[in-house]
Amino acid sequence: MEFRVLTAEFSHETNTFCRVATDKQAFMDGFVRLGDEAIAARRQANTELAGFLDVGDAHGWRIEHVLSAAAGPSGKVSRAAFEWLCDPIVAAAGRGRFDGILLALHGAMVLDFREDGDGEILRRIRAACGEETPIACTLDPHANVSRQMCSLADILVSFRTYPHIDMRDTGRRTGEILHRTMAGEIAPHTIRVSLPMLEEANGGRTDVGPMIARLAAATEYERRADVFAVSINAGFASTDVAELGPTVLVTGQGDRDPHIAFAETLADDIWAKRHEVLNDYLTVETAAAVAAGYDPRTGPLVIADYADNPGAGAYGDSTALLGALLEAGVRDACFGPMVDGEVALALHRTEIGERVRVVLGGKTDASFGGGPLTVEGELLSISDGRFVGDGPILGGLSRTHGPSAVLLVDGIEILIVTIAKQILDLQQFETFGIEPERKRVIALKSMQHFRAAFGPIAGQVIVCDSGALCTLHYERLPYRNVPRPIFPLDPDMERPA
Ligand SMILES: [Zn+2]
């Protein structure tokens, strides 16, 4: 039997504290591709869609792919942007008589008119396709999975890596579960256990720490005939909504009690290890001091500014770390990105090789990560900001930083961009003429994803908290909607029974 399957990718990780609203332009600055054009762009890369298509090819599905769209993490998604992208998916679902619907969502989308953005996508699709059509979703483990999402989708499967490098694999796993469901072999539903925490202690990192054992236990539990997927979500802390934080999901069938009991054992472990933080979050001054004394014989020192990660909705224009590096006289270094469209544009009107003085960064909200920095330097290059990734996450995918420039200031090559993006890939430096492997020090904005491409070239990795919007000092953020008590805002709380 030839199954007809509707597919779509629509994702956003919303930082509700971010002042920058997520409108249509924000999605266009990320990517919006329709139908076959999306397939052409994403078929050969590490994407959920590629995994869906792998399964579709193997089983001879007839796939109708509506669109693939994502914006960089930022503020709430506007109604206009949401409906622009959601409506075509809903319309197709309503037209279709599809045997199944297969979606790639993030799971932490918040709308300017509703908290549970992913739940709203599913609600509209479910209303259009009816109760009988199975809906399967892939999720990012930084999803804040709501009850509504679990009741509307039958199958929810999260990535198992952070840095995320298993998007295609997760697409395949999810597609296979959907196939068995459409074939009438299984009848899955998803149960959810949640924790009163903003996020898992290490944001769900899977390269080291307790998540490794949890995932091994999940894989073991998946050997049961009535279990199809176990997902462990770290949650996303920068979202001031009622349903946020870590969740454990079991997509299975039959008696729910053993699945809930198993999920509770993983949740207990997440709670028990809530104080076991693996990163040492240095101040920018300490990070700069380490950089000043660093011996690069085994490779460059990588300094990750955790707090100013545009990949979690920070502005990417914090100046605290750059200021500290300049102050400490760190040379033979690169720094990126500094998000400042104004300066990037001004540099596009400057001759290459010219010395210029600019007022750089710190313009969005100086109270998070420092105000503008006046620097003088030599313009090395300008560009339209386009690059094609070649690392484990972005390999083969085209992205843009918008109008960009590289300014050399006291021995530091600074990548100045218009469109905020975290550093995931060496090409985000190399395309613009910066050679990170030859530097003593690479300062970049990312929490954990940078390790996939930069770990292999680094002599040492350190992490700092510049005080930017994604600071670990959660008490600085105006949480109003999260349920209290919640860890770590209420550090001495007991976990409710
Ligand atoms: Zn994530």
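General remarks:
- Residues satisfying the stated conditions in segment 155-177, i.e. in a loop (DSSP other than H, G, I, E, B), near the ligand (Cβ under 10 Å from one of its atoms) and either crowded, with 24+ Cβ neighbours inside 10 Å or touching a residue at least 60 places away in the same chain (Cβ under 8 Å) (or both): PHE159, TYR162, PRO163, HIS164
- Restricting the first member to segment 119-139 and to residues that are basic (Lys, Arg), and the second to residues that are surrounded by fewer than 19 Cβ atoms within 10 Å (Cβ to Cβ), the beta-carbon pairs closer than 8 Å and six or more apart or on different chains are ARG123/GLN148.
- Here segment 106-139 is the region considered, the condition is being in a loop (DSSP other than H, G, I, E, B) and farther than 18 Å from LYS76 by Cβ, and the residue that is nearest to the ligand (Cβ to nearest atom) is PRO134.
- Among residues of segment 470-494, those that are in contact with a Lys or Arg (Cβ under 9 Å, 6 or more places away or on another chain) and either over 26 Å from ALA267 (Cα atoms) or touching a residue at least 60 places away in the same chain (Cβ under 8 Å) (or both), counted: 3
- All positions within segment 63-96 that are more than 16 Å from ALA8 (Cα to Cα) and open to solvent by 50 Å² or more (accessible area, probe 1.4 Å): LYS76, ARG79, ALA80
- Some residue of segment 406-414 being in a loop (DSSP other than H, G, I, E, B), closer than 18 Å to PHE454 by Cβ and either out of contact with any Cys (no Cβ under 6 Å at 6 or more places or on another chain) or open to solvent by less than 40 Å² (accessible area, probe 1.4 Å) (or both): no
- Out of PHE454, PHE429, PHE450, sole residue that is surrounded by 20 or more Cβ atoms within 10 Å (Cβ to Cβ), at pLDDT 95 or above and within 16 Å of the ligand (Cβ to nearest atom): PHE450
- Any hit, segment 178-188, residues being closer than 16 Å to PRO246 by Cβ and either of a type outside the set (Lys, Arg) or in contact with a His (Cβ under 6 Å, 6 or more places away or on another chain) (or both): no
- Checked against (1) under 23 Å from the mean Cα position of the chain (by Cα); (2) open to solvent by less than 30 Å² (accessible area, probe 1.4 Å); (3) more than 16 Å from the ligand (Cβ to nearest atom), GLY252 passes all but a single condition, namely (1).
- Meeting the requirement of 3 or more residues that are of a type in the set (Gly, Ala, Ser), the strands (runs of 3 or more DSSP E) wholly within segment 1-88 are 62-70.
- Residue list for segment 204-241, filter: more than 16 Å from the ligand (Cβ to nearest atom) and open to solvent by 50 Å² or more (accessible area, probe 1.4 Å): VAL208, ILE212, ALA213, ALA216, THR219, GLU220, ARG223, ARG224, ALA225
- For segment 178-187, a residue qualifies if it is touching a helix residue (DSSP H, G or I) at 6+ places or on another chain (Cβ under 6 Å) and not in a helix (DSSP H, G or I), and exactly one does: ILE186.
The values are calculated or read from the model by the stated rules, or taken from the named source; none is laboratory data. Nothing here was measured: the structure is a model prediction, and the numbers come from that model. Cβ atoms come from the backbone with ideal geometry, glycine included; neighbour counts cover every protein chain shown. Note: accessible area is taken over every heavy atom of the protein model, side chains too, but ligands, DNA and RNA are not part of it. Shrake-Rupley method; radii C 1.70, N 1.55, O 1.52, S 1.80 Å.
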